[in-house]
Amino acid sequence: MVPAFPVRYVDPVYRPPSEADSLILPVTDGCSWNRCTFCEMYMAPQKKFRARDEAEVLESIRRCGEHFGPEVRRVFLADGDALVLPTRRLLEVMQAIRAHLPGVRRVSSYCLPRNLRKKSAAELGELADAGLKIVYVGAESGDDEVLARVNKGETFASTRDALLKLGEAGIARSVMILNGLGGRSLWRRHAENSARLINATQPEYLATLVVSFPVGEERLRAGFPDWEPLEIPELLAELEAFLDGLELERTVFRSDHASNWLVLKGTLGNDKERLLAQVRDALADPRSAPLRPAWARGL
């Protein structure tokens, strides 16, 4: 008889692409905010937000240790915002991982900026020392009007402050910006203020995704009735403006998610001019550009 898997999952389960080889360990279900009108990740009724029972989480870690031994190298704390939990509980999780999964070299999670307001720099430093090495922050935009229109519940200042606090604690930041989120009316300020946010925080990793709505745009339009989607050339023009405004020392940049039409990879600032040239070449001659075909985007 095959033993039951040591972790209980509630579908659907999400994790960043770079966590493909990680053990996904839910410490919460769903997202504590879950009001962003562009996001469809936690809409399923079974994904109502709750903190997992502490005893269940610790028992899952113990059983994972029995099941996998030292083979696990990375752990991703799910679901949408594990850092909403009190620092005490997170430290207990980290200590259990260290005890039962001794091969783990990196623990990571998603992070909502709002959830760091009550966590001190000292607390974040404790989490970093305990093994929390990187967090993924969906900033989406650096523009306050765009953020308000999509009910993000954050501002330029709240996201900036959270990213700076994480950096000071020695926790790497992977920041995501949504290409096209401002629509036709706000695209330029979206691009320019998003670049301003990234310049102010200098994250270790940066990614762009293209906003998409597999189940429709009704929720977005409730607060953003004049939103119009950008066509491919307009998305590229916005991306050009964003990249052109970046002044980074050393940030790994990726625009290779399935939603992106043009795949870009490099380090900013060393590769800024090369990346800009790729975008400008695609704008000048889209028929010859290596754009991802629509069928391959899988959306």
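None of the figures in this text is laboratory data; all of them are computed from the coordinates on show. Given the structure is predicted, the values throughout are model-derived calculations rather than measurements. All Cβ positions, glycine included, derive from the backbone under ideal geometry; neighbour counts span all protein chains shown.
Could you tell me which residue out of Val93, His67, Ala121 lies farthest along the dipole of the range 62-134 toward its positive end? Charges go on the beta carbon: Lys and Arg +1, Asp and Glu -1, centred on the Cα centre.
Ala121
Enter the angle in degrees (range 0 to 90, nearest 10) between the Cα long axis of helix 156-168 and the first principal axis of the Cα atoms of the chain, meaning the one along which they spread out most.
50
Note down the net charge around Ser108, summing +1 for each Lys or Arg and -1 for each Asp or Glu among other residues with Cβ under 10 Å from its Cβ.
With Lys, Arg at +1 and Asp, Glu at -1, the neighbours total +3.
Mind jotting down the three principal axis lengths of the range 17-288 based on Cα atoms? Whole angstrom, largest first.
Its Cα atoms span 57, 41, 34 Å along the three principal axes.
Compute the orientation-averaged projected area for the range 94-165 from the convex hull of its Cα atoms and round it to one decimal in nm².
Value for the range 94-165: 5.2 nm².
Which number do you get for Rg(Cα) / (2.2 N^0.38 Å) in the range 55-181?
1.14
Check the cysteines of the chain one by one and keep only those with no other cysteine Cβ under 4.7 Å from their own.
So far as the 4.7 Å Cβ criterion goes, Cys31, Cys64, Cys111 stand without a partner in the chain.
Based on Cβ point charges of +1 for Lys and Arg and -1 for Asp and Glu, what charge dipole magnitude is obtained for the range 17-288 about its Cα centre, in debye rounded to the nearest 20?
Here the size comes out at about 660 debye.
Where does the range 27-72 land on the Kirkwood hydrodynamic radius, alpha-carbon pairs, in angstrom?
Kirkwood radius, the range 27-72: 12.6 Å.
222 nm [θ] for the chain, helices only, -39500 (n - 2.57) per DSSP H run of 4+, per residue, to 500?
The per-residue figure over the chain is -11500 deg cm²/dmol.
Report the semi-axes of the equivalent ellipsoid for the range 142-299 in whole Å, largest first, where each axis is √(5λ) for an eigenvalue λ of the Cα gyration tensor.
Equivalent ellipsoid of the range 142-299: 23, 22, 13 Å, largest first.
Can you give the angle from 0 to 90° between the axis of helix 121-130 and the longest principal axis of the chain, with both taken from C-alpha atoms, to the nearest 10?
70
Starting from the Cα-Cα distance between Trp295 and Glu231, subtract it from 0.36 nm times their residue separation and give me the gain in nm to one decimal.
Stretched fully, the Trp295-Glu231 segment lengthens by 21.4 nm.
Once label points are set 7 Å from the Cα along Cα→Cβ at both Ala55 and Arg221, what is their separation, rounded to one decimal in nm?
The two pseudo-label positions are separated by 5.0 nm.
Once the piece of chain linking Asp129 and Arg287 is laid out straight, how much longer is it, given 0.36 nm per residue of separation minus the C-alpha distance between them?
Full-extension gain reported as 51.9 nm.
Which value results for Rg/Rh of the range 1-85 when Rg is the Cα radius of gyration and Rh the Kirkwood radius based on the inverse mean 1/r?
Dividing the radius of gyration by the Kirkwood radius yields 0.98.
Give me the one-decimal nm value for the distance between modelled label points at Arg35 and Arg106, 7 Å along each residue's Cα-to-Cβ direction.
So the two model labels end up 3.4 nm from each other.
Taking neighbour counts of Cβ atoms within 10 Å as a proxy for exposure, in what order, fewest first, do Thr87, Thr251 appear?
Thr87, Thr251
For the range 17-288, please report how many Lys pairs fall under 25 Å Cα to Cα, leaving out neighbours fewer than 8 apart on the same chain.
Qualifying lysine pairs in the range 17-288: 14.
Take Glu192 and Asp21, extend 7 Å from each Cα along the Cα→Cβ direction, and tell me the distance between the two endpoints in nm.
4.3
Would you mind checking which residues have amide H under 5 Å from Leu181's amide H? H placed 1.01 Å from N; only 5 or more apart, or other chain.
Sorted by chain and number, the residues that satisfy this are Val211.
Between beta-carbons, use under 9 Å as the cut-off and find the net charge around Leu230, counting Lys and Arg +1, Asp and Glu -1.
Every neighbour counted, the sum reads -3.
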